[in-house]
Amino acid sequence: MLGQLAHAGAILLTARLIDWRGPRAFLIGFAALSAFSFYPMLALLDGTAATMLILVYCGVLWAMRSGHDELAGALFVLGLHKWEVGLPFVILLCWRIVHEKRWRIIAGFGMTVSILTAISLLIDPRWPLSFLTASVAILRSPHGITSSAALLVLWPDRATQAATGITVVVLATLVFEWAVGREADFRHFIWMAFLALAATPLLGIRTELANLVVLAPCFLLIAAAAIERRRSGLWLAAPFLVFAFAVPWCLAWLRLTLQEGLAEALLLLFLPAVCVLGMYWTRWWFLRPARTWLDEIRAAKARA
């Protein structure tokens, strides 16, 4: 249950990052129910650390936003675990740190790495060789699934072309967004960070289905944009979340009746595709918050 608590904690921390303005009951209900959706439960059964990773990722973003740079650097070390889950996210963080010249984050990172390395060498002096051997073995093993393999099941004749095209488009999109958001505020950076997480499974990197648990905060961003921008936003957000949570469970239930590998392919592609499309649906609204009545008064005084 520690993973479920970490998952709920990541959702609540994400709410603080985006300055959640929706109903508190909706937020608490989403955090509780999301922790028991398909991917978190699969992560619980597999015993993966991906559930803890999303809490670490959100912790790094919160520490950077709050000015706790040394803490951000220490958490960044933990975020390097399972690079297949958040490699673009890590690259984006490095780019932001260097661009803003936040050297204290790098200092916190180096200090934490030095302490952990010293402790590891005292416990097992041979661990670097064992680590490299295990890393090479993992790279060579046919574990998990890739977007290319998923497309091969769904579209056998054009799988290679489709996978290459999706990878190129996703990479170009990420580079474009990072270039556009180079001087953007931290709210924009949070959006880019979660977009990077959502896009990672579509890049052809071999991963596990349980690793998709890190995409849960994307749904909170989508719900927040719907609630903040529409009077009936709550009635729009709730059915969307029910749909996003119900479909994976239905695919898992139909796994025995569907074609071999079809359920796994759909489970891999469904969540990232929905998250990327949903994030772009929120792009304009999320990056340009609604003007309050106080903003309108100030604008009117400035015009006068």
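Derivation of every value follows stated rules applied to the coordinates shown; laboratory data play no part. Model, not experiment: these values are computed from the prediction. Glycine also receives a Cβ, built like all others from the backbone with ideal geometry; neighbour counts cover every protein chain displayed.
Taking the highest mean first, how do the peptides 29-41, 112-124, 209-221 order by number of other beta carbon atoms within 10 angstrom per residue? Each step should come with its number before you reach the end.
Working: 29-41: 19.2, 112-124: 11.6, 209-221: 25.9.
So the peptides 29-41, 112-124, 209-221, ranked by packing, come out 209-221, 29-41, 112-124.
Indicate the helices, whole DSSP H runs only, in the chain that combine a mean Kyte-Doolittle hydropathy of 0.5 or more with a Cα extent along their long axis of 18 angstrom or more.
Working: long enough: 2-17 (22 Å, 1.12); 50-66 (24 Å, 1.51); 83-99 (24 Å, 1.37); 103-123 (30 Å, 1.77); 127-140 (20 Å, 1.23); 159-180 (31 Å, 1.54); 186-199 (19 Å, 1.50); 216-229 (21 Å, 1.52); 233-253 (30 Å, 1.77); 262-281 (28 Å, 1.99).
Those that clear 18 Å and a mean of 0.5 are 2-17, 50-66, 83-99, 103-123, 127-140, 159-180, 186-199, 216-229, 233-253, 262-281.
State, to one decimal in nm, how far the label point of Gln161 lies from the label point of Ile119, with both points 7 Å from Cα in the Cβ direction.
5.3 nm
List the equivalent ellipsoid semi-axes of segment 2-303 in whole Å, largest first, each obtained as the square root of 5λ for an eigenvalue λ of the Cα gyration tensor. Please report the intermediate quantities before stating the final value.
Values: eigenvalues 189, 151, 72 Å².
With the √(5λ) rule applied to segment 2-303, the semi-axes are 31, 27, 19 Å.
If you take every residue apart from Trp191 with its C-beta less than 9 Å away from the C-beta of Trp191, what net charge results, scoring Lys and Arg +1 and Asp and Glu -1?
On the way: positive: Arg187, Arg283; negative: Glu177.
After counting each charged neighbour, the total is +1.
For segment 230-280, rounded, prolate or oblate, judged on the Cα gyration tensor with a ≥ b ≥ c (square roots of eigenvalues), a/c < 1.5 rounded, else prolate if a/b > b/c?
Working: a/c = 5.60, a/b = 2.04, b/c = 2.74.
Since a/c reaches 1.5 but b/c is at least a/b, the shape of segment 230-280 is classed as oblate.
What relative contact order, as a whole-number percentage, does the chain give when Cα pairs under 8 Å and 6 or more residues apart are counted?
Working: 345 pairs, mean separation 68.2, N = 304.
22 percent.
Name the residue from Pro248, Val136, Pro272 whose Cα lies farthest towards the positive end of the charge dipole of the chain, charges +1 on Cβ of Lys and Arg and -1 on Cβ of Asp and Glu.
Sorting the options by dipole projection puts first Pro272.
Which of the listed residues, Ala216, Ala263, Thr160, is farthest toward the dipole's positive end in the chain, when Lys, Arg count +1 and Asp, Glu count -1 at the beta-carbon?
The residue sitting farthest along the positive end of the dipole is Ala216.
Round to the nearest 0.05 the FRET efficiency obtained for Phe131 and Val175 when R0 = 35 Å and r is the Cβ-Cβ distance.
Details: r = 31 Å, r/R0 = 0.89.
E between Phe131 and Val175, to the nearest 0.05, is 0.65.
Return the unpartnered cysteines for the chain, using a Cβ-Cβ cut-off of under 4.7 Å.
Taking the Cβ cut-off of 4.7 Å, the unpaired cysteines of the chain are Cys58, Cys94, Cys250.
GNM on the chain, C-alpha springs below 10 Å: top fluctuator among Ile222, Ile54, Ile28?
Between Ile222, Ile54, Ile28, it is Ile28 that shows the largest mean-square fluctuation.
For Ile18, list long-range residues whose amide hydrogen, built 1.01 Å from N in the peptide plane, is under 5 Å from its own amide hydrogen.
Those lying under 5 Å, H to H, from Ile18: there are none.
When Lys and Arg each count +1 and Asp and Glu each count -1, what net charge do the other residues less than 13 Å away from Ala107, Cβ to Cβ, add up to?
Numbers: positive: Lys101, Arg102, Arg104; negative: Asp69, Glu70.
Its environment carries a net charge of +1.
So how many Å³ per residue does the convex hull of the Cα atoms of segment 1-123 work out to? Spell out each step's value before the answer.
Details: hull volume 14.6 nm³, N = 123.
Residue-normalised Cα hull volume stands at 119 Å³.
When ranked by the protection proxy of mean other Cβ atoms within 10 Å per residue, highest first, what sequence do the peptides 83-90, 55-62, 277-284, 178-185 form?
Numbers: 83-90: 20.0, 55-62: 22.9, 277-284: 15.9, 178-185: 12.2.
Descending packing order for the listed peptides: 55-62, 83-90, 277-284, 178-185.
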